[in-house]
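The values are calculated or read from the model by the stated rules, or taken from the named source; none is laboratory data. Nothing here was measured: the structure is a model prediction, and the numbers come from that model. Cβ placement follows ideal geometry from the backbone for every residue including glycine, while neighbour counts extend to all protein chains displayed.
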Amino acid sequence: MAMKALSRATIYQVAQLAGVSIATVSRALRDSDLVTQATRERVLAAARELRFTPSRPARSLAEGRHAANGIVFPDLVGPYYAEVVLGYEAAAAGFGSSVLILATNGRPDAEQAVRDLAGRVDGLTVMGQTVGDDVVDELQATGLPLVLLARDPVPGVDTVRAQNTRTARELAGHLVAHGHRKFVFLGDPGSAPDIAGRYAGVQAGLTAAGVARAHLVPLPGFDLEVGEAADIGDADAVVCANDEIALGVLLAAERAGRRVPEDLAVTGWDDLLAARFAGLTTVRQPMRELGATAARWLHRRITQPGAGAKRRILPTQLVVRRSCGSHPPEEVAT
């Protein structure tokens, strides 16, 4: 049965359609004497059907040399993505692989762009909800090595992400224990699985403590400016989806004459360097290790095809500082 080709066919698709290994595809296309005439004809027929043109990465992979892999980000703006990229590229460089990066934010053709990138690399890391599970399933069906980063799992695909819900619940409990009762959550849970997990954890913590659920204020982004402009009403505790939003809230509170932490507790997420200088209570997550783990797992998937899918949740830590009014003499990570 003919296989439905992506916009640019990969060596994996040719191998799957012809019923041979990618090494055999490479040999057949190079007219090697190691391949029988019948096998060569089958491979050539599959290549013609899929309109396959051998790329340098595909040839390198078939010969055991991994030229490049790809990573798909929702965006590249902001220190969080920069840290993940640094970890990813450092790990990939250790394996001798270059990295092709695609950001989907604002692209009307995001799914097609991801398909195109998939045809140019040896393997692909997909971060966040950049494309739907149907596209992940489609790519997986071609045999392309895949790793999911900071998103919900898809059956059969390696997934690495950070702990969100449990630590967010701990954060909410900490704030309630220090007298806060009127909560606002700043961030859009529908924008990313990570944010959804943080929002769910905060609400669960408040419910467990018998406190009214946080008022949700969905924001159109994750930067300092949207935090400055956010309407927090008369809340006495603001839980922000990330540190950049929280830093914006701190600036807005100062302009409005609201004292932090006396009048308002503010918390973030990520533990950026700026958060430490601002005395911001936040949650520390291993941003570089997220990227490095994804790169290591993708290299393993490329070099050891057929291994069972893995899932890992990296730990995060609540870091208490003066912005919530209940900090010890030294910052505490629990």
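Determine, yes or no, whether Arg120 is out of contact with any strand residue (DSSP E or B) (no Cβ under 9 Å at 6 or more places or on another chain) and of a type in the set (Lys, Arg). Lay out the reasoning, then the answer.
Details: out of contact with any strand residue (DSSP E or B) (no Cβ under 9 Å at 6 or more places or on another chain): no; of a type in the set (Lys, Arg): yes.
Against the criterion (out of contact with any strand residue (DSSP E or B) (no Cβ under 9 Å at 6 or more places or on another chain) and of a type in the set (Lys, Arg)), Arg120 does not qualify.
Between Ala252, Ala256, Ala278, Ala241, the distinction of being modelled with pLDDT of 95 or more, crowded, with 23+ Cβ neighbours inside 10 Å, among the hydrophobic types (A, V, I, L, M, F, W, C) and not assigned by TED's automatic domain parsing to the domain that holds Leu76 belongs to Ala241 only.
In this structure, Thr207 does not qualify as surrounded by fewer than 21 Cβ atoms within 10 Å (Cβ to Cβ), β-branched (Val, Ile, Thr) and under 24 Å from Asp133 (Cα atoms).
Condition first: outside the structural domain of Gly132 (by TED's automatic domain parsing) and buried (at least 24 other Cβ atoms within 10 Å of the Cβ). Can you find one or more residues in the stretch 217-228 that meet it? There is at least one residue in the stretch 217-228 that is outside the structural domain of Gly132 (by TED's automatic domain parsing) and buried (at least 24 other Cβ atoms within 10 Å of the Cβ).
Count of the stretch 98-115 residues, restricted to those that are under 16 Å from the mean Cα position of the chain (by Cα) and in a loop (DSSP other than H, G, I, E, B), is 2.
So, Arg198, is that one buried (at least 21 other Cβ atoms within 10 Å of the Cβ), assigned to a helix (DSSP H, G or I), of a type in the set (D, E, K, R) and at pLDDT 95 or above or not? Steps first, answer last, please.
Values: buried (at least 21 other Cβ atoms within 10 Å of the Cβ): yes; assigned to a helix (DSSP H, G or I): yes; of a type in the set (D, E, K, R): yes; at pLDDT 95 or above: yes.
Taking the combined requirement at face value, the residue satisfies it.
Would you confirm, using the coordinates I've provided, whether Arg161 is on the phi < 0 side of the Ramachandran plot and over 13 Å from the mean Cα position of the chain (by Cα)? Spelling it out, it is not the case that Arg161 is on the phi < 0 side of the Ramachandran plot and over 13 Å from the mean Cα position of the chain (by Cα). The criterion of being touching a Leu at 6+ places or on another chain (Cβ under 9 Å), part of a loop (DSSP other than H, G, I, E, B), among the hydroxyl-bearing types (Ser, Thr, Tyr) and not assigned by TED's automatic domain parsing to the domain that holds Thr207 does not hold for Thr125.
From the list Leu76, Leu86, the one residue that fits, being within 30 Å of Asp270 (Cβ to Cβ), among the aliphatic types (A, V, I, L, M), at pLDDT 80 or above and touching a strand residue (DSSP E or B) at 6+ places or on another chain (Cβ under 6 Å), is Leu76.
For first residues located in the stretch 232-260 and touching a residue at least 60 places away in the same chain (Cβ under 8 Å), partners that are in a loop (DSSP other than H, G, I, E, B) and among the β-branched types (Val, Ile, Thr) and lie 6+ apart or on another chain with Cβ distances below 9 Å form the pairs Val249/Ile232; Val249/Val260; Leu250/Val260. For the stretch 295-334, taking the residues that are at pLDDT below 80 and under 21 Å from Ala162 (Cβ atoms), the one that is surrounded by the most Cβ atoms within 10 Å (Cβ to Cβ) is identified as Glu331. Contact map, the stretch 305-317: first residue under 25 Å from Gly143 (Cα atoms), second residue surrounded by 12 or more Cβ atoms within 10 Å (Cβ to Cβ) and among the polar types (S, T, N, Q), Cβ cut-off under 6 Å, separation 6 or more or different chains; pairs are Arg311/Thr159; Ile313/Gln163. Here Val147 meets the list (1) among the hydrophobic types (A, V, I, L, M, F, W, C); (2) crowded, with 24+ Cβ neighbours inside 10 Å; (3) farther than 29 Å from Ala47 by Cβ almost entirely, failing just condition (3).
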